[in-house]
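Novice: There's a structure below that I have some questions on.
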Amino acid sequence: MCSSSGARHIGTPAGRMYFQILGAIAEFERALIIERTQDGLAAARARGRVGGRRALLKPRQVQLAQQMYDELGADGKRKHTVKDIADELGVARTTIYRYLERA
């Protein structure tokens, strides 16, 4: 009786060669995909397209956030918390921290 699953042939030299060939083809295919993706991104950049998400805050909002963050109260402590600034601009606190780090 011959099994059609092929599990018996994995340990044979022919079976190992078969899986090595499949692995090489898969590796080649993956390399082609990466190469085509890189070419496509380069072509898009040449046309003036930029990848990534759009900025959540406009430059004026970043400036306002920085001013609010730097503003001190009468007691010498920050007048506005990062949460206050984030709520005012409608973004998350992490977004405010990210923009403040850049400045």
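Coordinate-derived values only; no laboratory data. Nothing here was measured: the structure is a model prediction, and the numbers come from that model. Here the Cβ is made from the backbone with ideal geometry for all residues, glycine too, and neighbour counts use every protein chain on show.
Novice: Which is in contact (Cβ under 8 Å) with a residue 40 or more places away in the chain and β-branched (Val, Ile, Thr), of Val62, Val50, Val91, Val82?
Specialist: Among Val62, Val50, Val91, Val82, only Val62 is in contact (Cβ under 8 Å) with a residue 40 or more places away in the chain and β-branched (Val, Ile, Thr).
Novice: Which of the following residues is under 25 Å from the mean Cα position of the chain (by Cα) and either surrounded by fewer than 12 Cβ atoms within 10 Å (Cβ to Cβ) or touching a residue at least 60 places away in the same chain (Cβ under 8 Å) (or both): Leu57, Leu32, Leu41? Step through it out loud before you land on a result.
Specialist: Numbers: Leu57 fails: either surrounded by fewer than 12 Cβ atoms within 10 Å (Cβ to Cβ) or touching a residue at least 60 places away in the same chain (Cβ under 8 Å) (or both); Leu41 fails: either surrounded by fewer than 12 Cβ atoms within 10 Å (Cβ to Cβ) or touching a residue at least 60 places away in the same chain (Cβ under 8 Å) (or both).
Criteria check complete, one pass: Leu32.
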